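Here is the structure we will look at, set down as structure tokens.
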Amino acid sequence: MTTDRPNRRTLWRRLLTALAVAAVPAVLAASPAAAATPPATDCTPDGVACVAVLVLDADNAKIPDVHATISGDGFSVDVVTTADAPVSVEVPGAGTYTVAIDPATLPADKQLPQGTPSSATVSGQVGSTTRAAFRVGAGVEAPGGTASPSGTATDDGAATGGGKKTGTDTGTAGGDTVAQTPEGDASQRDLTIGQVWQQVGSGLRFGLLLALASIGLNLVFGTTGLSNFAHGEQVTLGAVFGYLAINTWGLPIWLAVPVTLVICGATGWAQDAGIWKPLRRRGTPVMQAMIVTIGLSIALQFLIQMIIGGRSLRVVSGNPVPLRIAGITLSQASWISMAIAAVCIVGIALWLTRTRIGRATRAVSDNPALAAATGIDPDTIIRVVWVMSTAFAGLSGILVGISFGSFNWSLGMQLLLLMFAAVTLGGLGTAFGALVGSILIGLVVELSNLVIPSDLRYASALVILILVLLVRPQGILGRRERIG
């Protein structure tokens, strides 16, 4: 008993040291990060979804300096209205969003009529601007609202253009009521080949970015048998450091990406040196180590939220530039991100199959004891895998932030379940299985928007996972001996 206490103190000291090392860069950047870049308020709906806010009086004059919040689907941004034009921002994609104004910022003589709500629910659609109009002041009578997908708007805020308006979903915010079509409600609209093809492109984008993070998660599982629940926070750290590098440190994007890779890779080195290697030497069971990853995940979540707050941040300010390739319209940043992800995935494949250390990694994954007997140092290989895993998770985070416009502290938590679904679907412990599973998950998530409400798109991916595992428990590329 006397020799066990110093070992326990050493273990706790190493755990706290590793957490401190992983958090130091973020804590040092906390002060400048507090000054968030104001969101762009002139969104152009070219291949993206936009939501606009209008505050009008009885004479249809625009009311400036009214504070509003647009939120939904993990996205939130604060805007201030102007007297010149509607304030519009890019939202992550098709889905339901809540637009709320702060009544305290309305002029004293132009308040909301009694009984009129200060918020409206709208359905964002890719390729259009959804407007929420609030009518205030004397002369405004019946509570109601305007919220309709459109391409342009007249001076009185009524939506014009933008195609057919059907359905019964409306926003109530004072004034007239205009029906709108909820995005993803296939019963209210006709699907076209162009829409399906566009969603296939969006699914490939999501799948490639998800694969960058999932491959690292699967490599860690393959070499250590550990399911790392803190891997999602490594994705969030990548977005955070990418935001800091571009918006706070003033680095260009081409330099911010490798800087983010280095920092995130360093956190993986610190975690293995301070936590996982000592636990391996003590022979800690995998289940107990997995519980440690859950605690680490919670600690990193609250640390990130403490640093950047609960708001959404834009990695790159300004509106995206649309680019159409092979009939698919995405932003230029999305196409570049997809190319970077594809190159990195090919690089990982070549590294695993053509390099000496890559083959050693596969040997450790298959049989650590046999690999050690042939002269391979499993601890060195595992250290390399941890660095690669966190580096590529960080790369995935910054590319997601650039491609989808914004991120918040819960990004990793939202993606973690999809990453586990991808690696399980493709085959546990196999890097190529993670790639296949991620592409399938990305396609299912995006294509499901065409037939079910967008809020259920992640659930559709999990349903596919369950169905596949009922038929093939080891996953698509997994081997039966890995199960059980």
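The table that follows gives values for the structure above.
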{"item": "Formal net charge of residues neighbouring T105 (Cβ-Cβ distance under 12 Å; K, R +1; D, E -1)", "result": "-2"}
{"item": "Highest to lowest packing among 346-357, 203-214, 256-267, scored as the average C-beta count within 10 Å", "result": "203-214, 256-267, 346-357"}
{"item": "Contour excess over end-to-end distance, with Cα ends at F302 and N60 and 0.36 nm allotted per residue", "result": "82.7 nm"}
{"item": "Ordering of 412-418, 83-89, 191-197, 395-401 by burial proxy (mean other Cβ atoms within 10 Å per residue, highest first)", "result": "395-401, 412-418, 83-89, 191-197"}
{"item": "Estimated FRET transfer efficiency (D455, R311; beta-carbon r; R0 22 Å; 0.05)", "result": "0.55"}
{"item": "Three-way shape call for the range 229-268 based on the alpha-carbon gyration tensor, with the a/c threshold at 1.5", "result": "prolate"}
{"item": "Vicinal HN-Hα couplings computed from phi for the range 113-121 (Karplus, 6.51 cos²θ - 1.76 cosθ + 1.60; Hz; Gly/Pro x)", "result": "x, 4, x, 8, x, 9, 9, 9, 9"}
{"item": "Distance-filtered residues of the range 43-72 - backbone nitrogen under 18 Å, label point 7 angstrom along A83 Cα→Cβ", "result": "54-67"}
{"item": "Under 5 Å, built H, 5+ apart or other chain: amide partners of V315", "result": "F407"}
{"item": "Stretch gain in nm, segment A326-L370, where the contour uses 0.36 nm per residue and the Cα spacing is subtracted", "result": "11.0 nm"}
{"item": "Relative frequency of Cα-Cα separations exceeding 18 Å in the range 196-253, percent", "result": "55"}
{"item": "Local electrostatic count at G137 - Lys and Arg +1, Asp and Glu -1, tallied over other residues with Cβ under 10 Å", "result": "-1"}
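All of the numbers you see were taken from the coordinates with simple rules; none came from a lab. Computed from a predicted structure; not experimentally measured. All Cβ positions, glycine included, derive from the backbone under ideal geometry; neighbour counts span all protein chains shown.
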